[in-house]
Amino acid sequence: MLMSRRNKLSLMALALAVLIIATLPVCAQSPNSNMAPDWCKQLPRPQYKTLERVPSADPWFEVYKVAPGVFAIYEPHQFEEVISFLILGDKRAVLFDTGLGIGDIKRVVTSLTPLPITVMNSHTHNDHVGDNWEFDEIYGMDTDFTRTNAKGSAADAQAELAPGSVCGQLPADFDAKSYATRPFHITHLIHDGDTVDLGGRVLEIISTPGHTPDEICLLDRKNGLLFTGDNFYPGPIWLYRPETDLDAYVQSITRIAALAPKIHLVLPSHNAPIADPSQLPKLLVAIEKVRGEAVEPFAAGNGKVTYTVNGFIFLIAAPK
Ligand SMILES: [Zn+2]
């Protein structure tokens, strides 16, 4: 299957492969198989060559220093290629997302800093909140979507382990059968425009609903950093789930594209942790073309279509 996150366009092929594998009499590809799926044969992505890699306390993750006081905590062994960020101030740190919950991100984070940690999530899809349960302080958006997801669930987590989803070894102490997003407790509610002072670094919360109702960006205005969550990352952008609101997404991208002249670095939550701010106005043009029906959709299977515009790919629910 060719499905690095968000190159996951062959879902039908995946479904077919699952069927074929399920009907084989002998053991085919388990998640722990050493047979590398195609998506991971294409790693590492070129962006990583320019980054300073630092040791990771848990081999499930790779850690990169992407800006002064900012670490990208990357999960290259699962096709979503999730990236969480540890953002340090003088007095405290924010962990922007906690990943899939397959490895132990707390072990990684506490080896990188002794500072107290506040968790914030780009949004509460399972692949970004997997280790939230391990942390005492969690800031959550004041939405029902967030509150529902904080109760945890198993289905989305289990789907992350479908055949071809894992590259290399799962952690030795990982139990695939019981893998689920564990419930977590939101200790503070946050809203658009709130700021968090880490000591020497202030993060602004920008509500950017669309991908989900609780999607946010974090803006470090002084250092010109914009953490874009799933609003933007290099790869097909997933906008097909029932909680996605395309009109809201366009408004949100309009808002963050306007920030581009003030930003030095965009830090996305999948695939590669750095991107050029010039991508944001281009993204806006691309999604506006899609919404203006100026682009032909291609069937992607499973009730989805893709639109490809100026190098951007959007995966959207097929019109009924
Ligand atoms: Zn998401």
* To do: Count charges around residue 259 for me, please; just the other residues with Cβ under 13 Å from its Cβ, Lys/Arg as +1, Asp/Glu as -1.
  => +1
* Structure fact -> The FRET efficiency for residue 111 and residue 159, from their Cβ-Cβ distance with R0 = 35 Å and rounded to 0.05, is 0.70
* Asked: Comparing 213, 277, 55, which has the greatest mean-square fluctuation in the GNM of the chain with Cα pairs linked when under 10 Å apart?
  -> 55
* **Reachable aspartates and glutamates, given that their alpha-carbon falls under 18 Å from the alpha-carbon of residue 262 and they are not under 8 places away in the same chain** => 204, 220, 276
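So if each residue of separation counts as 0.36 nm, and I subtract the Cα-Cα distance between residue 276 and residue 42, what length gain in nm does that give?
Details: separation 234, 0.36 × 234 = 84.24 nm, distance 2.17 nm.
This chain segment gains 82.1 nm when fully extended.
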* Asked: Among 156, 175, 58, whose mean-square fluctuation peaks in a Gaussian network model of the chain (Cα, cutoff 10 Å)?
  -> 175
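Every read-out reported here was derived from the displayed coordinates using simple, explicitly stated rules and does not represent laboratory data. As the structure is a prediction and not an experimental result, all values here were calculated from the model. Don't worry about glycine lacking a Cβ; one is built from the backbone with ideal geometry, like all the others, and counts go over all protein chains shown.
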